[in-house]
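The values are calculated or read from the model by the stated rules, or taken from the named source; none is laboratory data. Worth saying up front: this structure is predicted, and the values here are computed from it rather than measured. In this analysis, Cβ positions are derived from the backbone assuming ideal geometry, glycine residues included, and neighbour counts consider all displayed protein chains. Surface accessibility is based on the protein's heavy atoms, side chains included, excluding ligands, DNA and RNA. Shrake-Rupley method; radii C 1.70, N 1.55, O 1.52, S 1.80 Å.
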Amino acid sequence: MVVFGNVSAANLPYQNGFLEAISSGGSELMGHSFRIPTSSQALKTRTRRKIAGPLQVVCLDIPRPELENTVNFLEAASLSASFRSAPRPAKPLNVVIAGAGLAGLSTAKYLADAGHKPLLLEARDVLGGKIAAWKDEDGDWYETGLHIFFGAYPNVQNLFGELGINDRLQWKEHSMIFAMPSKPGEFSRFDFPDVLPAPLNGIWAILRNNEMLTWPEKIKFAIGLLPAMVGGQAYVEAQDGLSVKEWMQKQGVPERVTDEVFIAMSKALNFINPDELSMQCILIALNRFLQEKHGSKMAFLDGNPPERLCMPIVDHIRSLGGEVRLNSRIRKIELEDDGTVKNFLLTDGSTIEGDAYVFAAPVDILKLLLPDSWKEIPYFRKLEKLVGVPVINVHIWFDRKLQNTYDHLLFSRSNLLSVYADMSLTCKEYYDPNRSMLELVFAPAEEWISRSDSDIIDATMKELERLFPDEIAADQSKAKILKYHVVKTPRSVYKTIPNCEPCRPLQRSPIKGFYLAGDYTKQKYLASMEGAVLSGKFCSQSIVQDYELLAASGPRKLSEASVST
Ligand SMILES: Cc1cc2nc3c(=O)[nH]c(=O)nc-3n(C[C@H](O)[C@H](O)[C@H](O)COP(=O)(O)OP(=O)(O)OC[C@H]3O[C@@H](n4cnc5c(N)ncnc54)[C@H](O)[C@@H]3O)c2cc1C
């Protein structure tokens, strides 16, 4: 195995690619990254297969879009501000939170902002849950999932601003780029022009692309969408009973539209196919993307999520007197005689008591740990329908820089893969001028989750052969694999099949002093990073609203959170 260390943002400008880009002309320096302004000629280029010579572009970062004036951003900002400006509690509540994914971190952050004392307990030795990542012996990072931050993530974008880390998002061109299965190695783009407002920029992008959909198909799809445009939110919610495939059939949308566009979208949104995914999920995403000018604009984090995103949240929590502990797995929720929570029992035998309790671990874990006497309460019984979907995240380091790729997220439109990116291009910390690292989401993964890593890599290579016909062969007679990491998540985000929406729980449970946070809980975004952060805010808001109740007659008397072994 060849060892090639990672390159930090600080030394990025001194790499070869930087010099090549400068010498190619037309580039402009933006801090540690730089861009070559997109020419109309470049936009027309549908494939990079035939581009010879060394890669010209190292990091095509686009300036951060103006998000601050959207209604959703302002609403999210005002919710954040409400915690900071809340009256300081006479005696801060000690709130015990299980799970340091984004939902638990967000809950702890906003409770701390409101003057309370969160104690965040994470089962594993790594922060982030589904955005967790690990460093291998060569110093290279591998992640639970390839993560994209959208312009239409107002609470996430506010969070970055509040932490002072806006510059850690690497924004990409406003485009969606799809591989063309019928033309191996070629791509088709939807380019959103910057000069047009929403939804015209999206409509323009769709109308301009004639490679994936024909005009009659586009018109039939637009007619099918009319009820959603007219009916608004009520219509969107009513479509939860139908799968994407059923909805398309009902609306008379040609099957090819589903095959060409919505298989890729369904797999990207929920790691399943359109015959399983609830149509509400697609409509929510389309709504967000079409209503905001920068809604579908994508950004990559500039490095590994635990250090680049989770640690600043932890530092913030600690600076306000909160606490975060790793290796603290909750084994049991122990109850008082009246059915309220007595304490969280940890696997090391210790118990943790607080004035309020938040469960921010995945729904599948919650169901395993639910006390028997709660199981028949409808609020908890409904959780049965929410089940995590399996997904696999694959990383392959190659012995060369692959040419047939973009500095962007790519929709593979292959049977086994969903989206992928060459992280050696898209992400500063993973930047490498000489070798590509492809990070690929392998989905649907139901049939693959128990297969060996080498089986998964073999299958991935067969798919890559079609995406890189000149550069990759499944037998490695072309690009060679230097190493790989496969991260399996048997239960990831909840599977958004039809009729799940009514089963998503509010953050305030019917048990006094017990709250839920997590991407699966009720909030208007999908099971996503935005959903997780917003759920944490709603959870904190409920606790702040319940202050008098919790302080006066909480499940425990107001006391310091106590630990006993
Ligand atoms: C492959 C993949 C790709 C993705 N891509 C995107 C994307 O591009 N954009 C996007 O917005 N979202 C994406 N997501 C979804 C996103 O990662 C999640 O929606 C979000 O991170 C969930 O956060 P959470 O806090 O709700 O749950 P989690 O992240 O699951 O956090 C739960 C935490 O609880 C901890 N825990 C579990 N049991 C216990 C216990 N007994 N005691 C204490 N702690 C416990 C876990 O270790 C974990 O840290 C992706 C997910 C995956 C898997």
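Here residue 80 meets each of (1) open to solvent by 80 Å² or more (accessible area, probe 1.4 Å); (2) at pLDDT 50 or above with one exception, condition (1). Screening 525, 515 for residues that are more than 30 Å from residue 232 (Cα to Cα) and either away from the ligand (no atom under 12 Å from the Cβ) or assigned to a loop (DSSP other than H, G, I, E, B) (or both) leaves exactly one candidate, 515. Mind checking whether some residue in the range 239-257 is under 27 Å from residue 193 (Cα atoms), within 22 Å of the chain's Cα centre (by Cα) and of a type in the set (Val, Ile, Thr)? Checking the range 239-257: not a single residue is under 27 Å from residue 193 (Cα atoms), within 22 Å of the chain's Cα centre (by Cα) and of a type in the set (Val, Ile, Thr). Selection over the range 442-456 of residues that are touching a strand residue (DSSP E or B) at 6+ places or on another chain (Cβ under 6 Å), loosely packed, with under 15 Cβ neighbours inside 10 Å and of a type in the set (Gly, Ala, Ser) gives a count of 0. Please work out which residue is modelled with the lowest pLDDT, limiting yourself to the range 257-282 and to residues that are open to solvent by 30 Å² or more (accessible area, probe 1.4 Å) and over 23 Å from residue 406 (Cα atoms). Top of the filtered list is 259.
Within the range 344-388, the set of residues being of a type outside the set (Gly, Ala, Ser), touching a Gly at 6+ places or on another chain (Cβ under 7 Å) and open to solvent by 40 Å² or more (accessible area, probe 1.4 Å) comprises 362 only. Here residue 285 passes the criteria (1) open to solvent by 30 Å² or more (accessible area, probe 1.4 Å); (2) at pLDDT below 95 except the one numbered (1). Each residue in the range 451-478 was checked for being in a loop (DSSP other than H, G, I, E, B) and of a type in the set (Ser, Thr, Tyr), and 2 of them qualify.
Just to check your reading of the model, which residue among 443, 473 is more than 27 Å from residue 247 (Cβ to Cβ) and either more than 16 Å from the ligand (Cβ to nearest atom) or modelled with pLDDT of 95 or more (or both)?
Result of the check over 443, 473: 473.
From the set of residues in the range 354-370 that are in contact with a Lys or Arg (Cβ under 8 Å, 6 or more places away or on another chain) and closer than 21 Å to residue 388 by Cα, which is nearest to the ligand (Cβ to nearest atom)? This residue is 362.
Within the range 100-118, the residues that satisfy the criterion of being more than 15 Å from the chain's Cα centre (by Cα) and open to solvent by 10 Å² or more (accessible area, probe 1.4 Å) are 113, 115, 117. Among the residues of the range 302-336, just one is open to solvent by 10 Å² or more (accessible area, probe 1.4 Å) and touching a Phe, Trp or Tyr at 6+ places or on another chain (Cβ under 7 Å), namely 330.
Taking the stated definitions as given, is residue 344 of a type in the set (Phe, Trp, Tyr) and within 20 Å of the chain's Cα centre (by Cα)?
No: the conditions fail for residue 344.
Close contacts from the range 384-411, counting a first residue that is within 21 Å of residue 518 (Cα to Cα) and a second that is away from the ligand (no atom under 15 Å from the Cβ), with Cβ to Cβ under 8 Å and a gap of 6+ residues or different chains, come to 384/503; 385/499; 385/503; 386/503.
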